[in-house]
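K.L.:
Below are the structure tokens for one structure; questions will follow.
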Amino acid sequence: MPRFSFTGPFFCLLFAATLSAADKKPTAAQVEFFEKKIRPVLVKQCYSCHSAKSKILRGGLRLDNRQAVARGGETGPALLPGKPAESLLLQALKYDGLEMPPSGKLSASVIADFETWIRQGAPDPRNEVIKSRPKKQIDYPKALKFWSFVPPKKHAPPKLADPSGVKNDIDRFVLARLEAAGLRAVGPADRSTLIRRATFGLTGLPPIPEDVAAFVADDQPGAFARVVDRLLDSEHYGERWARHWLDVARYAEDQAHTFKARRY
């Protein structure tokens, strides 16, 4: 889905119009309505993520200040005074594509209060001046010590008390850790166990009986290497490890919701 945002002259005009409408001095009745019906809900349901005191300001949107509400978040105003149907804030409260607050949908009466408030022009008596947050300074010397920025160094393989099981330098590091823990390596796995381990490890699936039988009967050099190459070339290998890393990254196949949430 293509992503877009309010930018350039259009956003400037929209922001100016929104701010102008919100700048009108509210009547006493409107102030009372806001203080009784709107502000308490904003404080209880929204300020933890959308205020100056938020540890992480979600979507760049603040709802604790009249000017901030008019300015909106990353992609424009959260509401359009006098136009509740076009206001992202009301869409979010109605769970219409957007879902705010995420803890659960508010009651119909509360949502109706917000609709009434926006239809009135979103009168807001909060006139506090917005103070910009100080930019966090990066400690570059400290950042460069992060493990992914540290150049790799060549380490001499450790010496072993019993090097009989060593076939390469990687074995030396593994066996050294086992020695330090007072453990010994088990003997080589039989062929049926070996192909089972490789298949589960690379594809997340058990080997089929035909593949096990073929590997057990293959007495030619490089038999196991051919098994590994076949597994790496399998689409199941891509599925297994793509899913693993997407899970690590907490990816969700919900781009439409992500896009709309950013608008909010």
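K.L.:
Provide the packing ranking of 220-226, 119-125, i.e. peptides ordered by the mean count of other C-beta atoms within 10 Å per residue, highest first.
P.N.:
119-125, 220-226
K.L.:
Which pairs, out of Lys55/Lys83; Lys36/Lys83; Lys24/Lys94; Lys53/Lys142; Lys37/Lys105; Lys44/Lys105, put more than 25 Å between their alpha-carbon atoms?
P.N.:
Table pairs above 25 Å Cα-Cα are Lys55/Lys83; Lys24/Lys94; Lys53/Lys142.
K.L.:
If the chain between Lys25 and Ile170 were fully stretched, how many nm would it gain, using 0.36 nm times the residue separation less the Cα-Cα distance?
P.N.:
Gain in length upon complete extension: 44.8 nm.
K.L.:
Once R0 is set to 22 Å, what does the formula 1/(1 + (r/R0)^6) return for the Cβ-Cβ distance between Ala143 and Ile56, expressed as a FRET efficiency to the nearest 0.05?
P.N.:
Efficiency computed from Cβ-Cβ geometry: 0.65.
K.L.:
Name the residues whose placed amide hydrogens come within less than 5 Å of the amide hydrogen of Met100, ignoring near sequence neighbours (fewer than 5 apart) on the same chain.
P.N.:
For Met100, whose amide H was placed from the backbone, the distant partners under 5 Å are Leu93, Tyr95.
K.L.:
Amide H to amide H under 5 Å from Leu80: which residues, 5+ apart in sequence or cross-chain, H placed 1.01 Å off N in plane?
P.N.:
Ser87, Leu88
K.L.:
Any idea how far the Cα center of the stretch 107-127 sits from the one of the stretch 57-88, in Å?
P.N.:
Measuring centre to centre over Cα atoms gives 13 Å.
K.L.:
In nm, to one decimal, how far is the Asp219 label point from the Trp241 one, both placed 7 Å along Cα→Cβ?
P.N.:
3.3 nm
K.L.:
Give the relative contact order (percent, whole number) for the stretch 200-250; include only Cα pairs under 8 Å separated by 6+ residues.
P.N.:
Reported relative contact order: 51 percent.
K.L.:
What is the packing order of peptides 65-71, 27-33, taking the mean over residues of other C-beta atoms within 10 Å and listing the highest first?
P.N.:
Top to bottom by mean Cβ count within 10 Å: 65-71, 27-33.
K.L.:
Follow-up question, since we're still on this one. For the stretch 147-186, what value does the Rg/Rh ratio take when both radii are computed over Cα atoms and Rh is the Kirkwood radius, given to two decimals?
P.N.:
Ratio of gyration radius to Kirkwood radius: 1.08.
K.L.:
Could you work out how far apart the two model spin labels at Ala252 and Ser107 are, taking each label as a point 7 Å from the Cα in the direction of the beta carbon, and quote it in nm?
P.N.:
2.7 nm
K.L.:
Using DSSP to define loop residues, name the chymotrypsin sites (Phe, Trp or Tyr not before Pro) in the stretch 65-166 whose beta-carbon has at most 12 other beta-carbon atoms within 10 Å.
P.N.:
Phe146
K.L.:
Then there's this: For the stretch 82-127, what are the per-bin percents of Cα-Cα distances with bins 10 Å wide, up to the bin holding the maximum?
P.N.:
For the stretch 82-127, the pair-distance distribution reads 29, 51, 19, 0.
Coordinate-derived values only; no laboratory data. Just so it is clear, the model here is predicted, and its values are computed rather than measured. Methodologically, a virtual Cβ is constructed for each residue, glycine included, from the backbone with ideal geometry; neighbour enumeration extends over all protein chains shown.
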